[in-house]
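Engineer: Below: one structure in structure tokens.
The values are calculated or read from the model by the stated rules, or taken from the named source; none is laboratory data. Note that the structure is predicted; figures quoted are calculated from it, not measured. We place every Cβ from the backbone using ideal geometry, glycine too, and count neighbours over all the protein chains shown. Keep in mind that these areas ignore ligands, DNA and RNA; they rest on the heavy atoms of the full protein, side chains included. Shrake-Rupley method; radii C 1.70, N 1.55, O 1.52, S 1.80 Å.
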Amino acid sequence: MSGLGKLRVAVIGAGAAGLCAARHLLSRRDTFATPVVYELTKNIGGTWVYEERVGCYDNGLPIHSSMYRDLRTNIPKEVMSFPDFPFAKHLPSFVHHTEVRKYLEQYCDHFRLWDHIQFGTSVASVTPVDVKGGWNGLAWDVTSNDGVDHSKSTTERFDAVMVCNGHFYDPYIPAIPGLEKFKGMLMHSHDYRSAEPLAGKSVVLLGAGLSGLDIAMELSSVDAQVILSHGQRPLTCPLPPGVQQAPPVTSVLEDGTLEFKNGERAKPEVFLFCTGYNFTFPFLDKKVGVKVQEHLVWPLYKFLIPPAYPSLFIVGICRAICPFPHFHVQSQFVLSVLDGSFRLPSREEMEKDIELDIAARRARGIATRHILKLDSEQWAYNDELAHLGGFKPLPRYWSNLYESNKVFRARDMLNYKTYNYTVLDNMEWKVHDLHGQQLQKPLAVKKQM
Ligand code: FAD
């Protein structure tokens with residue numbers, strides 16, 4: 001604890017999650033000392049800091065952001081925002097990425113976060129130490145390097161650490177037999193910035209997640225011929241011109257031809273992986289025991305807390321979620337753990353809880369690599385954390401509006417970003433299309449919520 005008996009918390013990363021953590025810590029000065037936010041780049045915003053270069057920054061560190069030039073959000077601003085800080089009223093529901101960066105800067109202004117961020121500082125190690133009188137008998141030594149030349153290394157001690165280092169920066173490329181034989185241009189969406197360099201080319205794009213679909217649409221607009229190769233059920237909504245679907249690529253033949261699961265073949269100029277990212281926590285001491293296996297980070301109680309070291313919090317690892325509100329809920333839950341308003345179960349009980357939760361998900365046929373995908377279960381998760389932590393849950397319209405957007409997207413990926421939403425009150429909202437025509441809310445979502 002700090003001299004005044006307040007808890008010192010380190011936050012790793014000044015992306016949306018780290019900023020949200022800092023905002024909540026700063027709102028509780030009675031209990032928490034001012035946090036230290038370590039940020040390896042010179043900016044706040046992480047993913048939302050568009051960087052035209054690919055590869056490395058001047059200091060040799062890999063470029064963090066996977067943002068591309070023309071990206072507009074896939075979640076309407078009405079539910080993408082932090083619940084206590086709306087996007088500007090004049091903006092449309094789906095904004096360009098530059099507006100999200102601006103929004104995060106305004107969040108920093110509003111909650112006076114800037115002074116607490118150490119820019120150009122990369123965390124190199126996070127080590128637990130046993131201390132008498134510390135929170136749960138535990139403290140953390142955080143060693144950081146000056147990001148410019150790595151010549152200066154500093155270690156500071158904290159009561160708790162919130163890890164908010166993001167998980168969309170270390171490209172995952174699936175093992176495809178013979179991949180080294182591919183003779184065209186091989187790239188990952190992490191390095192995709194704009195469609196023009198691929199204009200008119202033949203492209204096999206592997207992965208039909210949100211980025212894959214969005215990039216397929218961008219490529220269509222520059223007359224690329226795209227084979228969208230994926231393992232999901234075939235998409236039934238209209239696809240952009242020049243885009244056709246295929247099952248996953250299973251191998252690359254001797255002459256560089258790609259073979260798909262159905263035996264068909266293609267020899268594209270570009271093989272573009274939209275296959276997601278690896279989780280990495282290179283700074284975390286091995287003895288903490290947090291493992292990454294098949295895209296599952298575990299063991300973490302409530303997807304946040306390693307039972308053996310319950311003053312470490314890994315924020316924002318869940319996938320298929322509404323990220324900013326999720327960080328808002330998780331951050332408040334972390335504070336409720338640290339200030340004692342929520343008493344954590346014993347280590348054994350937490351371990352059992354994790355085991356049962358994972359077993360239940362597997363029993364429902366969820367593969368290990370999808371366990372962190374909460375999808376529609378995120379709302380029950382958020383509500384549970386709010387209930388346990390004793391803080392306000394998200395407004396009721398949140399889940400319904402978010403889930404409806406998913407339905408609109410699945411129906412019409414070409415146009416859903418032209419819709420505009422209006423929130424009427426805590427429960428109700430409406431949506432209009434580009435021509436101002438009010439749309440029916442999807443029935444399936446109405447029933448489900
Ligand atoms: P990040 O934004 O990645 O921030 C992590 C920060 O930690 C970075 O600033 C990084 O420099 C820093 N850091 C990492 N390691 C260290 C270290 N060792 N020491 C110090 N600092 C470190 N979400 C939406 O809500 N809507 C969208 O439309 C949307 N579109 C997306 C499109 C793309 C292409 C991608 C990749 C993601 C998108 N997301 C979207 C998800 C987006 O990632 C989240 O909204 C959110 O920005 C994640 O925030 P974060 O703080 O967890 O991670």
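Engineer: Any idea what the dipole of the chain comes to, in debye rounded to 20, about its Cα centre with Lys/Arg Cβ at +1 and Asp/Glu Cβ at -1?
Structural biologist: About 780 debye.
Engineer: Here's something else I'd like to know. For residue 152, give me every one of the lysines with a C-alpha distance below 21 angstrom, ignoring sequence neighbours fewer than eight places off in its own chain.
Structural biologist: Counting by Cα, and skipping residues close in sequence, residue 152 has these lysines nearby: 42.
Engineer: Continuing with the same structure: Within the stretch 296-449, what whole-number % of the accessible surface is contributed by carbon and sulfur, with the 1.4 Å probe and all protein chains included in the calculation?
Structural biologist: Whole-percent figure for carbon plus sulfur exposure: 52.
Engineer: Additional query: What FRET efficiency would be calculated for the residue pair residue 294, residue 343, taking the C-beta separation as r and a Förster radius of 51 Å, to the nearest 0.05?
Structural biologist: Using R0 = 51 Å, I get an efficiency of 0.95.
Engineer: Hand me the trypsin sites (Lys or Arg not before Pro) from the stretch 65-165 located in a DSSP loop with no more than 11 other Cβ atoms within 10 Å, in residue order please. Walk me through the intermediate numbers first.
Structural biologist: Details: sites: 69, 72, 77, 89, 101, 102, 112, 132, 152, 157; in loops: 69, 89, 112, 152.
Sparse-neighbourhood loop trypsin sites (Lys or Arg not before Pro): 89, 112, 152.
Engineer: Follow-up question, since we're still on this one. So which residue, out of 80, 187, 67, gets the largest mean-square fluctuation from a GNM of the chain using Cα contacts under 10 Å as springs?
Structural biologist: Looking only at 80, 187, 67, the largest GNM fluctuation is found for 187.
Engineer: Between residue 179 and residue 357, how high is the FRET efficiency from 1/(1 + (r/R0)^6) when r is the Cβ-Cβ distance and R₀ = 30 Å? Nearest 0.05.
Structural biologist: Numbers: r = 35 Å, r/R0 = 1.17.
So the FRET efficiency works out to roughly 0.30.
Engineer: Please give the direction-averaged projected area of the C-alpha convex hull for the stretch 323-391, in square nanometres with one decimal.
Structural biologist: 5.1
Engineer: How far is it, in nm, from the label point at residue 110 to the one at residue 251 when both lie 7 Å from their Cα along the line to the Cβ?
Structural biologist: 5.6
Engineer: Another one. Before I look further, what does the stretch 54-184 give for accessible area per residue, probe 1.4 Å, in whole square angstrom?
Structural biologist: Per-residue value: 48 Å².
Engineer: State, to one decimal in nm, how far the label point of residue 157 lies from the label point of residue 411, with both points 7 Å from Cα in the Cβ direction.
Structural biologist: 6.0
Engineer: Shape of the stretch 43-108 from its Cα gyration tensor (a ≥ b ≥ c, root eigenvalues): rounded if a/c is under 1.5, otherwise prolate when a/b > b/c, or oblate?
Structural biologist: prolate
Engineer: Still on this model: Would you kindly find the accessible area of residue 40, with a 1.4 Å probe and non-protein molecules such as ligands, DNA and RNA excluded, rounding to the nearest 10 Å²?
Structural biologist: It works out to around 70 Å².
Engineer: Okay, next question. For the stretch 1-130, what's the radius of gyration and Dmax over Cα atoms, in angstrom?
Structural biologist: Taking only Cα atoms of the stretch 1-130, I get Rg and Dmax of 16.3, 52 Å.
Engineer: Which whole-Hz ³J(HN,Hα) couplings does the stretch 421-428 yield from phi under the Karplus relation 6.51 cos²θ - 1.76 cosθ + 1.60, θ = phi - 60°, glycine and proline marked x?
Structural biologist: 9, 10, 8, 9, 7, 4, 10, 10
Engineer: Here's a follow-up. In the stretch 261-392, if every C-alpha pair distance is counted and binned at 5 Å from zero, what percent goes to each bin?
Structural biologist: Pair shares across the bins are 2, 9, 17, 21, 20, 13, 6, 4, 4, 3, 2, 1.
Engineer: With all distinct Cα pairs included, what does the Kirkwood hydrodynamic radius of the stretch 278-343 come out to in Å, to one decimal, could you say?
Structural biologist: Values: mean 1/r = 0.0788 Å⁻¹.
So the Kirkwood estimate lands at 12.7 Å.
Engineer: Moving on. Once you put a point 7 Å from the Cα of residue 125 and another 7 Å from the Cα of residue 28, both along the Cβ direction, what distance in nm separates them?
Structural biologist: Each label point is offset 7 Å from its Cα along the Cβ direction, giving 3.0 nm.
Engineer: Compute the relative contact order of the stretch 272-345 as a whole-number percentage, counting only Cα pairs closer than 8 Å that sit 6 or more residues apart in sequence. It would help to have the intermediate numbers written out before the result.
Structural biologist: Numbers: 51 pairs, mean separation 11.2, N = 74.
RCO, the stretch 272-345: 15 percent.
Engineer: Turning to a different aspect of this structure: Which of the lysines could a cross-linker span from residue 441 if the Cα-Cα distance has to be under 20 Å and same-chain partners fewer than 8 positions apart are dropped?
Structural biologist: 77, 406, 417, 430
Engineer: Next question, about the same structure. Within the stretch 18-60, which GluC sites (Glu not before Pro) sit in a loop by DSSP and count at most 16 neighbouring Cβ atoms inside 10 Å?
Structural biologist: 51, 52
Engineer: Moving to a separate point now. Let me check something: with ligands and nucleic acids excluded, how do 70, 339 order by accessible area (1.4 Å probe), largest to smallest?
Structural biologist: Accessible-area ranking of 70, 339, largest first: 70, 339.
Engineer: How much of residue 194 can a 1.4 Å solvent probe reach, expressed as accessible area in Å² and rounded to 10?
Structural biologist: The accessible area of residue 194 comes to roughly 20 Å².
Engineer: Pick from 357, 255, 223: which residue has the top mean-square fluctuation in a GNM of the chain where Cα pairs under 10 Å get a spring?
Structural biologist: 255
Engineer: What is the Cα coordinate range of the stretch 235-330 on the first, second and third principal axes, sorted by size from largest, in whole angstrom?
Structural biologist: 52, 34, 21
Engineer: Which value at 222 nm does the chain reach when only helices count, each DSSP H run of 4 or more adding -39,500 (n - 2.57), with the total divided by all residues and rounded to the nearest 500 deg cm²/dmol? Could you put the intermediate results ahead of the total?
Structural biologist: Details: 9 runs with 106 residues, N = 449.
Computed ellipticity for the chain at 222 nm equals -7500 deg cm²/dmol.
Engineer: FRET efficiency for residue 286 and residue 57, Cβ-Cβ distance as r, R0 = 25 Å, nearest 0.05?
Structural biologist: Efficiency computed from Cβ-Cβ geometry: 0.35.
Engineer: Take every DSSP beta bridge with both residues inside the chain and express the antiparallel ones as a percent of the total, to the nearest 5.
Structural biologist: If we restrict to bridges inside the chain, about 50 percent are antiparallel.
Engineer: To continue, here is another question. So who's got an amide H within less than 5 Å of the one on residue 291, skipping anything under 5 residues away but keeping other chains? H placed 1.01 Å off N, in plane.
Structural biologist: Sorted by chain and number, the residues that satisfy this are 298.
Engineer: Just give me a number: lysine pairs in the stretch 190-348, eight or more positions apart or cross-chain, with C-alpha atoms less than 28 Å apart.
Structural biologist: Lysine pairs meeting both conditions in the stretch 190-348 amount to 5.
Engineer: While we're here: Who wins for biggest fluctuation among 218, 105, 259 in a Gaussian network model of the chain, springs between alpha carbons below 10 Å?
Structural biologist: 259
Engineer: Also: Put one equal scatterer on each alpha carbon of the chain, apply the Debye formula with no solvent term, and list log10 I(q)/I(0) at q = 0.09, 0.12, 0.13, 0.14 1/Å to two decimals.
Structural biologist: Each listed q corresponds, in turn, to -0.62, -1.12, -1.30, -1.47.
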